[in-house]
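The values are calculated or read from the model by the stated rules, or taken from the named source; none is laboratory data. No experiment lies behind these values; they were computed from the predicted model shown. Every residue, glycine among them, receives a Cβ derived from its backbone with ideal geometry; neighbour counts consider all protein chains shown. Areas reflect the complete protein model, heavy atoms only, side chains present, ligands, DNA and RNA absent. Shrake-Rupley method; radii C 1.70, N 1.55, O 1.52, S 1.80 Å.
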Amino acid sequence: MKLICEGLDLSDAVLKVLRATAVRTTNPILEGIKLCAKEDTLTLSATDLEISIEKTITADVKVPGEIVVPGKVFADFVKKLSNEQIELSLVGESTLKIKYTDSEGVLQCLNADEFPVIKEPSAPETLTLAPAELKDLIDKTIFSVAIDDARPILKGCLFEVNEGILTAVALDGYRLAMVKTPVESTSKKLSCIIPAKSLSEISKLINTENDSINVLISQNNLLINDGSVKVSTRLLEGEFINYRQVIPNETTTTIIVSKAQLEDGLDRASLLARMDKNNLVRFDIRDKILTLTSASNIGNVTENITISLEGKDLSIAFNARYLSDCMHTISDEFIKINFTSQIAPCTICSAEEDKYLYLILPVRIVE
């Protein structure tokens, strides 16, 4: 293998695929990045067997070939050469020479035959949507996935496609996030559960300036291809919770409130709430005023916010962080919050469109 490429292109590609290399593994090949040179391209690949990332750059290939370089060391080395033209050449079977200006470095590598085969989805269904919409969908849901191993299926996010609408759902037993976006797809209904870790990497890697992105879904795998980077991931197996049964059908109290005022009030109340082990913020809804209160052993905060109220007065308390997490993802000027009782979950949604819904379980108030 022998090729010449631009250092900036190589550095950018290496830093992208490095995200898929394994950490603290007993298999050294999973810590590596596979380089495959052929025709006029260099393709870099990495995988930890759960997620795989592939990036192709232009290169002047003198001799085709492939090798697996130590990922972290190679990344640290080439990112210092982003302003240089780089020549990569294979010496013998396992030594890579890196030439730049009048200098060179040498790395001991692994055989590419030992690198896992990255499989593409077989007979996949294809969805097409704007990259910015996919990133927004992911960012507005994955914060609600479970982080412990008690129920592994909840460490993933449910993607459902029906009648041209992609719905993403995440929940952890205390809160739920559901976001919708239109897609170009077949008329077939689709459903899959994607690991949150993989979705987080996809969100960071996709180019939101592109016009469209393809999502290929098969029984066991998902592949995202935005034309410059391919990200594939295995899907989680099992039955997701029937989230529709969790969402209340009836409400007794509904308020419409300025999202900015509520978010600011929560941020201030949270300063003291997080000093307390329960991290509680109390809502008292009376006479078109929402009063937020929080207290700890060093003080208390009271915030009064004007609201539009329909239904009964109510007092209810929540974990302040769960509410703040929702507020930070919402861009609407006004939001609607529906309550059923002091011990039933509330739902937060747009005051105008059916594009997202957040559900949060309350914390019992001891009077």
- Task: Return the only residue of LEU280, LEU271 being open to solvent by 60 Å² or more (accessible area, probe 1.4 Å) and among the aliphatic types (A, V, I, L, M).
- Result: LEU271
- Task: Check every one of the strands (runs of 3 or more DSSP E) wholly within the range 194-266 and list those with 2 or more residues that are closer than 30 Å to GLN342 by Cβ.
- Result: 253-258
- Task: Scan the range 221-233 and give yes if some residue there is surrounded by fewer than 21 Cβ atoms within 10 Å (Cβ to Cβ), of a type in the set (A, V, I, L, M, F, W, C) and at pLDDT 90 or above, otherwise no.
- Result: yes
- Task: Give the range 234-255 a look and list any residue that's more than 24 Å from the chain's Cα centre (by Cα) and either open to solvent by less than 60 Å² (accessible area, probe 1.4 Å) or farther than 30 Å from GLU310 by Cβ (or both), or say none.
- Result: PRO248, THR252, THR253, THR254, ILE255
- Query: Within the range 313-349, which residues are outside any helix (DSSP H, G or I), polar (S, T, N, Q) and more than 20 Å from SER294 (Cβ to Cβ)?
  - Reply: SER331, ASN338, THR340, SER341, THR347
- Every residue from the range 349-367 that is under 15 Å from VAL169 (Cβ atoms), surrounded by 13 or more Cβ atoms within 10 Å (Cβ to Cβ) and in contact (Cβ under 8 Å) with a residue 24 or more places away in the chain: LYS355, TYR356, LEU357, TYR358, LEU359, ILE360
- Item | Test: residue in the range 117-125 that is at pLDDT below 90 and either under 16 Å from LEU10 (Cβ atoms) or among the hydroxyl-bearing types (Ser, Thr, Tyr) (or both) | yes
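Could you check how many residues of the range 304-348 are basic (Lys, Arg) and either in contact with a strand residue (DSSP E or B) (Cβ under 6 Å, 6 or more places away or on another chain) or loosely packed, with under 14 Cβ neighbours inside 10 Å (or both)? Outline the logic, then answer.
First, the residues of the range 304-348 that are basic (Lys, Arg): 312, 321, 336.
Now restrict to residues that are either in contact with a strand residue (DSSP E or B) (Cβ under 6 Å, 6 or more places away or on another chain) or loosely packed, with under 14 Cβ neighbours inside 10 Å (or both): 312, 336.
Residues in the range 304-348 being basic (Lys, Arg) and either in contact with a strand residue (DSSP E or B) (Cβ under 6 Å, 6 or more places away or on another chain) or loosely packed, with under 14 Cβ neighbours inside 10 Å (or both): 2 in total.
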- Conditions: (1) outside any loop (DSSP other than H, G, I, E, B); (2) within 29 Å of the chain's Cα centre (by Cα); (3) modelled with pLDDT of 90 or more. GLU310 meets all but one. Number of the miss? (2)
- Query: Do we have any residue at all in the range 189-206 that's within 30 Å of ALA344 (Cα to Cα), in contact (Cβ under 8 Å) with a residue 12 or more places away in the chain and of a type in the set (D, E, K, R)?
  - Reply: no
- Message: Take LYS62 and tell me if it is loosely packed, with under 15 Cβ neighbours inside 10 Å, part of a strand (DSSP E or B) and over 25 Å from the mean Cα position of the chain (by Cα).
- Response: yes
- Note on the structure: Result of the Cβ filter at 6 Å on the range 107-131, keeping first residues that are in contact (Cβ under 8 Å) with a residue 60 or more places away in the chain and partners that are outside any strand (DSSP E or B) and β-branched (Val, Ile, Thr), at least 6 apart or interchain, is LEU110/ILE29; GLU114/ILE29; PHE115/ILE29; GLU125/THR186; LEU127/VAL183; LEU129/VAL183; PRO131/ILE206; PRO131/THR208
- Message: Can you list the strands (runs of 3 or more DSSP E) lying wholly within the range 1-56 that have 3 or more residues being open to solvent by less than 10 Å² (accessible area, probe 1.4 Å), more than 16 Å from SER82 (Cα to Cα) and not acidic (Asp, Glu)?
- Response: 32-38, 41-47
- Note on the structure: Checking LYS189, LYS259 in turn, the sole residue that is on the phi < 0 side of the Ramachandran plot and open to solvent by 60 Å² or more (accessible area, probe 1.4 Å) turns out to be LYS189
- ALA146 being among the hydrophobic types (A, V, I, L, M, F, W, C) and touching a Pro at 6+ places or on another chain (Cβ under 9 Å): yes
